[in-house]
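Worksheet: one structure, shown below.
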Amino acid sequence: MDAEEFRLLVSSTALSKKSHYYYSGGLAADVISADYAQRSCVVELTATESEISDAGCLDEGLVGTVADYWTSALITALSQGRSALTTSLTVQALKPIAPGTKLHMTCTATDATQPCAVAVIAAAAESSDVYAVATHTKFFKSRS
């Protein structure tokens with residue numbers, strides 16, 4: 001599968017998720033690149049004032065929800081449609097951010113029975129300028 005086909009698959013998987021009640025399902029976010037072999041995708045979004053906590057960092061609830069939403073779509077796309085449920089989630093906002101900052105969230109997932117996923121949220125202009133990270137483990141729903 002080439003990169004563009006995989007990017008479209010991850011994007012369409014997210015849009016067809018039954019979990020549109022997630023806050024992140026309504027965020028303006030786009031999959032801008034994806035790599036099947038690297039088991040990764042990059043989602044672009046922009047930090048708004050409402051997504052920044054009183055401490056001036058990305059709201060950790062937002063980070064957890066967005067990371068879970070997009071890594072779930074990535075894992076489902078990688079596993080031919082199987083859904084995975086989160087069993088643990090760790091989130092950390094790392095530093096203050098200004099409203100209007102364009103962000104790239106790089107999501108990666110392991111190939112395992114109990115996949116692990118990582119989402120790193122960094123400035124779109126400089127990938128080493130990291131604002132938040134999320135790591136979590138998942139398990140696949142049984143096929144019935």
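Give me the residue from the range 39-81 that is within 12 Å of residue 115 (Cα to Cα) and in contact (Cβ under 8 Å) with a residue 60 or more places away in the chain and, out of that set, nearest to the chain's Cα centre (by Cα).
If we filter the range 39-81 for residues that are within 12 Å of residue 115 (Cα to Cα), which is where we start, we get 39, 71-72, 74-76, 78-79.
Filter once more, so that each one left must be in contact (Cβ under 8 Å) with a residue 60 or more places away in the chain: 39, 71-72, 74-76, 79.
Details: 39: 12, 71: 5, 72: 8, 74: 8, 75: 10, 76: 12, 79: 16 Å.
The selected residue is 71.
What residue, among those in the range 82-106 that are in contact (Cβ under 8 Å) with a residue 40 or more places away in the chain and of a type in the set (D, E, K, R), is least open to solvent (accessible area, probe 1.4 Å)? Quick ask: steps written out before the conclusion?
Looking only at the range 82-106, we keep the residues that are in contact (Cβ under 8 Å) with a residue 40 or more places away in the chain, and these are 82-93, 96-106.
From what's left, of a type in the set (D, E, K, R): 82, 102.
Values: 82: 73, 102: 104 Å².
Looking at the filtered set, the residue picked out is 82.
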Within the range 27-38, which residues are open to solvent by less than 50 Å² (accessible area, probe 1.4 Å) and either over 19 Å from residue 117 (Cα atoms) or part of a loop (DSSP other than H, G, I, E, B) (or both)?
27, 29
In the range 101-124, which residues are assigned to a loop (DSSP other than H, G, I, E, B) and either modelled with pLDDT of 95 or more or among the hydroxyl-bearing types (Ser, Thr, Tyr) (or both)?
101, 110, 113, 124
What number of residues within the range 39-71 are open to solvent by less than 10 Å² (accessible area, probe 1.4 Å) and not in a loop (DSSP other than H, G, I, E, B)?
9
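In the range 54-70, which residues are of a type in the set (Phe, Trp, Tyr) and touching a helix residue (DSSP H, G or I) at 6+ places or on another chain (Cβ under 6 Å)?
First, pick out the residues of the range 54-70 that are of a type in the set (Phe, Trp, Tyr): 69-70.
Result: 69, single match.
The values are calculated or read from the model by the stated rules, or taken from the named source; none is laboratory data. All values derive from a computational prediction rather than experimental measurement. Cβ coordinates were reconstructed from backbone atoms using ideal geometry, including for glycine residues, and neighbour counts include every protein chain displayed. Accessible surface areas use protein heavy atoms only, side chains included; no ligands, DNA or RNA. Shrake-Rupley method; radii C 1.70, N 1.55, O 1.52, S 1.80 Å.
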